[in-house]
């Protein structure tokens, strides 16, 4: 069955914002698309990868955002329309290439989608990537619903090709993951092959060329600033009021809903801005001259607000402009927050505030911290790390963590992630700490993260004789973002078989002398190997690498169900159980809980048969009801 975005032209389908962005790129004739998976952007390339073979375009999961950007840029300078997608922090990884791409420009349309994450639902910070547009002289477009997202992608490709310049589309979590009706239009014949025309002065960014290109960039930016005044996605509605509300992106939808609640839709003037960088100055000036008060509503930073204030100052327009005084600077916007902000501006009662009922939610709603899945191999290794340290009598180990499912090791009862900074930070920070503190240092990363950003750091550790233990938690997939393939899986984004780039082979190939692959479901063996590796690091004063290899439990359970392979089964022998709590307190598996007398019980619907609990029970109270089959073991290893 084909994806809904391939429904016939004229159809109206329900699409997620990311799916609408994918459809917009197809209607624009995209021939090349790349990304590194990262919530909330992942579904853009996931959608395109499912249909790539059907429509004949190249779609790839790249090793990181920098490579993804450069690959799409490479296609664009050959004249092929290209798209690259990433979450907001991914833009930091690609920033070097981003800045230079504005100097060189492109030939085919080049669209960069950045999915920002207000409220940090799945991210380590809340940066606003519209600043990249200001910094790099690259236009930034924002849509407010899936239908507009599809259309604005098409416009972005047109704008990019008109000025031979990259264009950024900024999405946010709510747009990326909300669904709405999207009307499909005709798709053009797609150009998938281009031709690169050598141009030393344009594409070779050495100082003499860059100085000249800088001047051309500024002139091009002047033309783009004029162009956005005519953009059809910017809209001004004059309702004859002395009050103006300016809204950008998703904020426009919140504003319209809020005005409906307040019964003020026809009582204030409204300026919808979709070209937030650069903003349409002529349209803003016109709107400002017709009012006395202005409220700017936007998510995160006051980028539009500051530009509006600049325009008012430069044009000597005497108008009161409010923004972040009434609209929160932090976290995601919603209707409640926008209603409150507009109510303050209008000096009217907020109808959403119920003064008679006050509930202290913090006291009534139980805290539910995130947890690793039942059977997750990371759970086993975190327990083994703690027990290995205890056997060695180590009171303190510094665990340098990274971005992935294993970030949850920071929580109780494991607490084996002491530092989490960014992708690749595990090995980067460890390089410094290992030379400045006396405690043992362990750098913990995932397999996808290893390929993304950790290899240079491991080379650096080897080169600088850094005494640390590197642990690659290889669960055979990019698990946290929904099981996307990576260079170690042997398949591409579109499902084609390819060479497996082996973690162990890379570690040995760069010269690491101590490299071992472990099975975290063999508890005692793994503990002993961790002890040996830590002793080696201490004695030899050099880097050692342990690869902890077991497939993601969710992925394996899903495959097993489809193939009819039954999981191993375990149960608690209550006569043997002494209610020690090791299985549900120290292993902390969600499939295991305690009953009234403190004895353990296993939920057969949650258990995936990893056997770790049976191995760690000091009283042999957890017994095997159904042994693992050969097919089951083969699934788990995923070699």
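The table below gives the values:
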| read-out | value |
| --- | --- |
| Some residue of the range 419-432 being touching a strand residue (DSSP E or B) at 6+ places or on another chain (Cβ under 9 Å), closer than 17 Å to residue 369 by Cβ and in contact (Cβ under 8 Å) with a residue 60 or more places away in the chain | yes |
| Members of the range 3-17 found to be free of Cβ contacts under 8 Å to residues at least 60 places away in the same chain and under 11 Å from residue 187 (Cα atoms), listed by number | 6 |
| Residues of the range 476-498 satisfying the condition of being touching a helix residue (DSSP H, G or I) at 6+ places or on another chain (Cβ under 6 Å) and part of a loop (DSSP other than H, G, I, E, B) | 477, 479, 480, 483, 486, 487, 488, 493, 494 |
| Count of residues meeting criterion [out of contact with any strand residue (DSSP E or B) (no Cβ under 6 Å at 6 or more places or on another chain) and assigned to a helix (DSSP H, G or I)] in the range 134-156 | 8 |
| Condition check for residue 59: under 30 Å from residue 502 (Cβ atoms) and assigned to a helix (DSSP H, G or I) | no |
| Selection count where residues are in a loop (DSSP other than H, G, I, E, B) and touching a residue at least 12 places away in the same chain (Cβ under 8 Å), scope the range 599-621 | 14 |
| Yes/no for residue 153 being under 24 Å from the mean Cα position of the chain (by Cα), outside the structural domain of residue 303 (by TED's automatic domain parsing) and closer than 19 Å to residue 39 by Cα | no |
| Selected residue (only one of 429, 437 is surrounded by fewer than 24 Cβ atoms within 10 Å (Cβ to Cβ) and part of a loop (DSSP other than H, G, I, E, B)) | 437 |
| Of all residues making up the range 86-126, the number that are touching a residue at least 60 places away in the same chain (Cβ under 8 Å) and either part of a helix (DSSP H, G or I) or more than 16 Å from residue 480 (Cβ to Cβ) (or both) | 20 |
| Qualifying residue in the range 585-595 (condition: on the phi > 0 side of the Ramachandran plot and surrounded by 13 or more Cβ atoms within 10 Å (Cβ to Cβ)) | yes |
| Whichever residue in the range 97-121 is surrounded by fewer than 24 Cβ atoms within 10 Å (Cβ to Cβ) and in contact with a strand residue (DSSP E or B) (Cβ under 8 Å, 6 or more places away or on another chain) and, among such residues, is farthest from residue 175 (Cα to Cα) | 108 |
| Meets criteria (exposed (fewer than 15 other Cβ atoms within 10 Å of the Cβ) and either assigned by TED's automatic domain parsing to the domain that holds residue 465 or closer than 30 Å to residue 439 by Cβ (or both)) for residue 563 | no |
| Top-ranked residue of the range 382-395 - restricted to ones that are touching a helix residue (DSSP H, G or I) at 6+ places or on another chain (Cβ under 7 Å) and under 23 Å from residue 407 (Cβ atoms), ranked as surrounded by the fewest Cβ atoms within 10 Å (Cβ to Cβ) | 387 |
| Which listed residue, of 512, 547, is crowded, with 19+ Cβ neighbours inside 10 Å, in contact with a helix residue (DSSP H, G or I) (Cβ under 8 Å, 6 or more places away or on another chain) and within 25 Å of residue 608 (Cβ to Cβ) | 547 |
| Subset tally (residues that are closer than 15 Å to residue 296 by Cα and either buried (at least 22 other Cβ atoms within 10 Å of the Cβ) or in contact (Cβ under 8 Å) with a residue 40 or more places away in the chain (or both)) for the range 231-269 | 19 |
| Lone qualifier among 195, 223 - being in a helix (DSSP H, G or I), in contact (Cβ under 8 Å) with a residue 24 or more places away in the chain and in the same structural domain as residue 116 (by TED's automatic domain parsing) | 223 |
| Residues of the range 232-243 classified as in a loop (DSSP other than H, G, I, E, B) and either farther than 20 Å from residue 290 by Cβ or over 33 Å from the mean Cα position of the chain (by Cα) (or both), total | 7 |
| The range 274-297, subset touching a helix residue (DSSP H, G or I) at 6+ places or on another chain (Cβ under 6 Å) and closer than 20 Å to residue 167 by Cα, residue surrounded by the most Cβ atoms within 10 Å (Cβ to Cβ) | 277 |
| Only listed residue being within 25 Å of residue 91 (Cα to Cα) and surrounded by fewer than 13 Cβ atoms within 10 Å (Cβ to Cβ), chosen from 228, 204, 167 | 204 |
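Matching residues to (1) assigned by TED's automatic domain parsing to the domain that holds residue 583; (2) modelled with pLDDT of 95 or more; (3) in a loop (DSSP other than H, G, I, E, B); (4) within 20 Å of residue 520 (Cβ to Cβ):
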{"position": "357", "(1), (2), (3), (4)": "no, no, yes, no"}
{"position": "363", "(1), (2), (3), (4)": "no, no, no, no"}
{"position": "369", "(1), (2), (3), (4)": "no, no, yes, no"}
{"position": "394", "(1), (2), (3), (4)": "no, no, yes, yes"}
{"position": "409", "(1), (2), (3), (4)": "no, no, no, yes"}
{"position": "416", "(1), (2), (3), (4)": "no, no, yes, yes"}
{"position": "422", "(1), (2), (3), (4)": "no, no, yes, no"}
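The values are calculated or read from the model by the stated rules, or taken from the named source; none is laboratory data. From a predicted model like this one, the values you see are computed outputs, not experimental measurements. FYI the Cβ positions are ideal-geometry reconstructions off the backbone, even for glycines, and counts take in every protein chain you see.
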